[in-house]
Amino acid sequence: MRKSRFSEDQIIGILKEGQAGLPVLEICRKHGISDATCYTWCSRYGGMEVSNAKRLKALDEENRRLKKLLAEAMLDVSTLREALGKSF
């Protein structure tokens with residue numbers, strides 16, 4: 001996935017400008033983004049504060065790590081079952 005040139009803090013700041021009453025097209029022109037990007041950000045980060053966004057990112061990272069651990073454990077169990085099945 002491509003890394004955004006804007007940090008989460010910057011994205012939330014841009015969205016706060018929209019909440020303050022600036023038109024979407026003006027915000028997009030000012031920051032050099034498309035209106036589709038702005039609406040995508042609104043759906044993802046709308047109503048969030050910076051601390052909430054950082055917490056969400058940390059939870060996503062922990063979820064990714066736990067899914068990887070589960071997949072490895074399931075692979076180990078599968079390998080052990082296969083080895084035990086062949087020995088009998």
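For this structure, a couple of remarks:
- Here the spin labels are modelled as points 7 Å beyond Cα on the Cα-Cβ line, and at Leu69 and His31 they lie 3.5 nm apart.
- Of all lysines in the structure, those lying under 22 Å Cα to Cα from Lys30, and not within fewer than 8 positions of it along the same chain, are Lys3, Lys16.
- Pairs of Cα atoms nearer than 8 Å and 6+ residues apart set the relative contact order; for the chain it is 27 percent.
- Dipole orientation for the chain: of the candidates Gln19, Met74, Gly32, Met74 has the Cα lying most toward the positive pole (charges on Cβ; Lys, Arg +1; Asp, Glu -1).
- 3J(HN,Hα) couplings calculated from phi for the stretch 57-71 with the Karplus curve 6.51 cos²θ - 1.76 cosθ + 1.60 (θ = phi - 60°) are, in sequence order, 5, 5, 5, 4, 5, 5, 4, 4, 5, 5, 5, 5, 4, 5, 4 Hz; Gly and Pro show x.
- Counting only lysines at least 8 places from Lys67 when in the same chain, those with an alpha carbon closer than 19 Å to its own are Lys57.
- A Cβ-based charge dipole, computed about the Cα centre of the chain with Lys and Arg at +1 and Asp and Glu at -1, lands at about 220 debye.
- Residue-by-residue Karplus 3J(HN,Hα) for the stretch 25-37, coefficients 6.51, -1.76, 1.60, Hz, glycine and proline x: 4, 5, 5, 4, 5, 5, 9, x, 10, 7, 5, 5, 4
Every number here is computed from the coordinates shown, using simple stated rules; none is lab data. These numbers come from a predicted model, not from an experiment. Heads up, the Cβs are rebuilt from the backbone with ideal geometry, glycines too, and the neighbour counts pull from every protein chain shown.
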